[in-house]
Structure formats: structure tokens, C-alpha cells
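Where a number appears in this text, it was derived from the coordinates with a stated rule and is not lab data. Just so it is clear, the structure is predicted and the values come from calculations on it, not from any experiment. When we count neighbours, we look across all protein chains shown, and the Cβ atoms used for this are built from the backbone with ideal geometry, even at glycine.
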Amino acid sequence: MKKYQVHLTREYVVEICAENEDAAKEFTELYVSGGIDDSTKSTQTNKSFSIERIVPTLNEAWIVLEKDGVN
């Protein structure tokens, strides 16, 4: 079996309730990881935000490099 290095791009549309646009952007970048909300209820309460929905919109492998050796 050959070994490959795959560069993968993923994008999501996130619906978030926050006090302003900057906070929405910051909390989305900090707490959305791999399409999952990584925040806690305590963090959401303390920082006044809520991630309502995460929808995947793109999942694309754009570079595939064959590597030396096998698994």
C-alpha cells in the first residue's frame, strides 16, 4: 500500500448569536473545530454567545503527494 499526504480544505457556514460582528467572528474562529462546537455552556454564558448551527459547505482535497515508504 502506498502512502500519501493529502491537503484538505473544509469550509462551514456557522450561525452564531453574539453581541456584535467582531465577537461573532472571534468566537467562531476560536470555538469551531472540525465542524464541531468546542465551546462549553460556561464559556458561552461568560462570553455572551451561542453557536446555533454549523453546516459544512466544502470538503475538497486539493493536493495529493505520494510519500516514500509504506504504512
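Hey, what D do you get for the stretch 3-67 in µm²/s if you plug the Kirkwood alpha-carbon radius into Stokes-Einstein at 10 °C and 1.306 mPa s? It comes out at roughly 120 µm²/s.
Would you kindly state how much longer the chain becomes between Trp62 and His7 on full extension, computed as 0.36 nm times their sequence separation minus their alpha carbon distance, in nm to one decimal?
Between Trp62 and His7, full extension yields an extra 19.2 nm.
Of all lysines in the structure, those lying under 16 Å Cα to Cα from Lys25, and not within fewer than 8 positions of it along the same chain, are Lys47. Residues Glu52, Glu26, arranged from fewest to most other Cβ atoms within 10 angstrom of their Cβ, appear as Glu52, Glu26. Here Lys47 and Glu15 are evaluated by their C-beta separation; at R0 = 25 Å the FRET efficiency comes out at 0.90.
Over the residues of the chain, the helix contribution to mean residue ellipticity at 222 nm works out to -7000 deg cm²/dmol, using -39500 (n - 2.57) for each DSSP H run of at least 4.
Each Lys and Arg adds +1 at its Cβ and each Asp and Glu adds -1 at its Cβ; summed about the Cα centre, the chain shows a dipole of about 400 debye.
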